[in-house]
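Trainee: Starting off with a structure, shown below.
The values are calculated or read from the model by the stated rules, or taken from the named source; none is laboratory data. It should be emphasised that the depicted structure is a prediction, and the values quoted were computed from it without experimental measurement. Virtual Cβ from ideal backbone geometry, glycine too; neighbours counted across all protein chains shown. Each accessible area value is taken on the protein alone, full model and side chains, heavy atoms only, with ligands, DNA and RNA left out. Shrake-Rupley method; radii C 1.70, N 1.55, O 1.52, S 1.80 Å.
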Amino acid sequence: MAFIIANWKMNPQKASEAKALFEAVSSAAKRLNNIEVAVCPPFCFLPFLKPKKNILTGGQDLFWELQGAYTGEISGKMLKDLECDYVIIGHSERRLNAGETNEIINAKLQAALKSDLKPILCVGEKQGEELGPVIAGQLEAGLKNISKNQLRDIAIAYEPIWAISSGLGTGNPCKPDEALSAALFIRKILTNLYGRYLAEKIKIAYGGSVDASNVGSYLQNNQIGGLLVGGASLDADEFRKLLEKVNDLQI
Ligand code: PEP
């Protein structure tokens, strides 16, 4: 079953628009049996978006402490109470705009797991950076003190920063064979850290300028089992087509 994470980022601007988009995604997804979708809206819309069947919800971030005097922050338990199953951690926009380090990301992973959420750990290199040392460093430091048992609940999203469609990216999609070799590299690092058996079971998603026209090319291998979609998840029609194409691949 392919999993698709919709990262709405700081969109849309109104609760009514968020509800309409979620409704459109839900009615498309409920007819499809081979996909699981996790919609990650801005926090303020979560109370209006009720997960059902194969359409779940997640946070775009959380704080590393579980509760207390942390103005402006959101805890894992709050997300759980709003029926979230997932939380995105270490997205490049948070690493770069909010100064999140691998140590912070590691603390957020621990907080998510303590809150019974499934973390989606984002890793990826900037334009001009060498993939190997960046991804290895992000995984080794990000997963510090995460046990084998905990790793089972974590998915890794490979998102080359340069391939993201807006904001910090160039919008030039990553070639499918580059995404595949990044996924193989991620599994190699996970094998070094946790052993081959577990490393092969971990879900790896690709993200960066994915839309209905290119989606199939990223999933035609047995290494990438999911997608993290930004811009295309805000267009109900485009996203419905994308979900249908992924569903037809029968992963
Ligand atoms: C993202 O930022 O996580 C992302 C994948 O964005 P887009 O699909 O718009 O490139």
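Trainee: Tally the DSSP beta bridges in the chain and give the antiparallel ones as a percent, rounded to 5.
Mentor: Beta bridges within the chain, antiparallel portion: roughly 5 percent.
Trainee: Give the accessible area for residue 1 in Å² (nearest 10); use a 1.4 Å probe, count only protein heavy atoms, and leave out ligands, DNA and RNA.
Mentor: Counting only protein heavy atoms, the figure is 130 Å².
Trainee: Per residue Cα convex hull volume for the range 2-250, in cubic angstrom?
Mentor: 116 Å³
Trainee: Moving on to the next point. Please report the relative contact order for the range 157-237, taking Cα pairs under 8 Å with a sequence separation of at least 6, and give it as a percent rounded to a whole number.
Mentor: 33 percent
Trainee: Please give the length that would be gained between residue 166 and residue 134 if that part of the chain were fully extended, namely 0.36 nm times their separation in residues minus their C-alpha to C-alpha distance (nm, one decimal).
Mentor: Stretched out fully, the residue 166 to residue 134 stretch lengthens by 9.4 nm.
Trainee: Residue 178 versus residue 16, label points 7 Å from Cα toward the beta carbon: distance in nm?
Mentor: 4.2 nm
Trainee: For the cross-link pairs 80/188; 9/118; 53/241, which exceed 26 Å when the distance is taken from alpha carbon to alpha carbon?
Mentor: Checking Cα-Cα distances, 80/188 exceed 26 Å.
Trainee: Which value, in Å², gives the accessible area per residue of the chain when a 1.4 Å probe is used on the protein heavy atoms? Mind dumping the intermediate values first?
Mentor: On the way: 11230 Å² over 251 residues.
About 45 Å² of surface per residue is accessible.
Trainee: Residues in the range 13-28, backbone N under 16 Å from the label point at residue 97 (7 Å along the Cα-to-beta-carbon vector): list them, ranges by number please.
Mentor: Residues 13-14 qualify, since their backbone N sits under 16 Å from the label point.
Trainee: In Å and on Cα atoms, what radius of gyration and Dmax does the range 60-163 show?
Mentor: Computed over the Cα atoms of the range 60-163, radius of gyration and Dmax are 13.4, 41 Å.
Trainee: Let me ask something else. Let me have the relative contact order for the chain, percent, based on Cα pairs under 8 Å that are six or more residues apart. Can you show the working numbers first?
Mentor: Numbers: 490 pairs, mean separation 52.3, N = 251.
Answer for the chain is 21 percent.
Trainee: Measure off, as a whole percent, the carbon and sulfur share of the 1.4 Å-probe accessible area of the range 55-164, all protein chains present. If you can, show how the numbers build up before the last one.
Mentor: Details: 2230 of 4730 Å².
Here it works out to 47 percent.
Trainee: Under a point-charge model restricted to the Cβ atoms of Lys and Arg (+1) and Asp and Glu (-1), what is the dipole moment magnitude of the range 99-241 relative to its Cα centre, in debye to the nearest 20? Write down the numbers at each step before the final one.
Mentor: Values: 15 positive and 16 negative charges, 132 e Å.
Computed about the Cα centre, the dipole is about 640 debye.
Trainee: Once you've got the GNM for the chain with C-alpha springs shorter than 10 Å, pick whichever of 137, 90, 72 has the biggest mean-square fluctuation.
Mentor: Of 137, 90, 72, the Gaussian network model singles out 72 as fluctuating most.
Trainee: So for 117, 184, 131, what's the accessible-area order with a 1.4 Å probe, most first? Walk me through the intermediate numbers first.
Mentor: On the way: 117 5, 184 90, 131 50 Å².
The most accessible residue leads, giving 184, 131, 117.
Trainee: Now for a separate question. Taking a spot 7 Å from the Cα of residue 222 along the direction of its beta carbon, which residues of the range 1-23 have an amide N less than 14 Å from it?
Mentor: Backbone N within reach: 1.
Trainee: Over all directions, what mean area does the Cα convex hull of the range 161-251 project, stated in square nanometres?
Mentor: About 6.0 nm², averaged over all directions.
Trainee: So, one more: Rounded to the nearest 0.05, what FRET efficiency do residue 197 and residue 127 have when you use their Cβ-Cβ distance and R0 = 41 Å? List each step's numbers first, then the result.
Mentor: On the way: r = 35 Å, r/R0 = 0.85.
So the FRET efficiency works out to roughly 0.70.
Trainee: Among 70, 29, 45, flag the residue with its Cα farthest along the positive direction of the charge dipole of the range 22-106, charges on Cβ as +1 for Lys/Arg and -1 for Asp/Glu.
Mentor: 29
Trainee: Still on this model: For the chain, what is the calculated [θ] at 222 nm in deg cm²/dmol (nearest 500), taking -39500 (n - 2.57) for each run of four or more DSSP H residues and dividing by its residue count?
Mentor: It comes out at -11500 deg cm²/dmol, rounded to the nearest 500.
Trainee: For the residue pair residue 238 and residue 185, what label-to-label distance in nm results when each label sits 7 Å from Cα along the Cα-to-beta-carbon direction?
Mentor: Those two pseudo-labels are separated by 2.7 nm.
Trainee: While we're on this one: Which pairs, out of 126/201; 50/203; 108/203; 30/108; 108/144, put more than 22 Å between their alpha-carbon atoms?
Mentor: Too far apart for the 22 Å limit: 126/201; 50/203; 30/108.
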